[in-house]
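Every number here is computed from the coordinates shown, using simple stated rules; none is lab data. What you are looking at is a predicted structure, and each value in this text was computed from that prediction instead of being measured. Backbone-built Cβ (ideal geometry, glycine too); neighbour counts: all protein chains shown.
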Amino acid sequence: MLMIFLGLLAVAACVWLVLVLTDAAEPSDALVAVGGAFVILAAITDATIRHKRQARQKQRFPSVDAIRRHVDSDALRQVRDQKGEVPAVKELRKQVPEVSLADAVKVIRSL
């Protein structure tokens, strides 16, 4: 994801440079235009990536029960009882990184 944003930033810098060097816009005006476009493109890219990640997660784990079957419940229960919910959620997400935070909390609370 970082590479995508760096690529967008590089394109934005090139567009700004072209606008300034061709005298199509003042540097400050070009910066505002390119910056605005970059923010919009970055937001769209982020939303698209999040949507794809959520779709993959729901396909692999359609329910909380599917997640629970995939993890070491006894170890997670032990972490939850000894250290609390937050460390248990972190441990679950180490075991299955693509699980959302909300689903991880549901699994830990259901153990």
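Summary of computed values
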read-out: In nm, spacing of pseudo-spin labels at Ile40 and Ser73 (7 Å Cα→C-beta vector); value: 5.0 nm
read-out: With Cα atoms, 0 to 90° folded angle of helix 85-95 axis to the chain main axis; value: 70 degrees
read-out: Which of Leu9, Leu2, Leu21 has the fewest Cβ neighbours within 10 Å, and the rest in rising order; value: Leu2, Leu21, Leu9
read-out: Footprinting exposure proxy for Phe61, Phe5 (fewest neighbouring C-beta atoms within 10 Å first); value: Phe5, Phe61
read-out: Whether the range 1-60 is rounded, prolate or oblate, judged on the alpha carbon gyration tensor where a/c under 1.5 counts as rounded; value: prolate
read-out: For the range 1-77 versus the range 88-111, the gap between their alpha-carbon centres in whole angstrom; value: 24 Å
read-out: Gain on full stretching of the segment that runs from Asp23 to Leu9 - 0.36 nm per residue minus C-alpha separation; value: 2.9 nm
read-out: Phi to ³J(HN,Hα) by Karplus 6.51 cos²θ - 1.76 cosθ + 1.60 over the range 59-71, Hz, x for Gly, Pro; value: 6, 6, 10, x, 8, 5, 4, 5, 5, 4, 5, 8, 9
read-out: The range 1-60: relative contact order as a whole-number percent, Cα under 8 Å and 6+ apart; value: 31 percent
read-out: The chain: relative contact order as a whole-number percent, Cα under 8 Å and 6+ apart; value: 20 percent
read-out: Hz values of 3J(HN,Hα) by residue in the range 101-111 - Karplus curve (6.51, -1.76, 1.60), Gly and Pro given as x; value: 4, 4, 5, 4, 5, 4, 5, 4, 5, 8, 6
read-out: Viscosity 1.002 mPa s, 20 °C: Kirkwood-radius Stokes-Einstein D of the chain over Cα pairs, µm²/s; value: 126 µm²/s
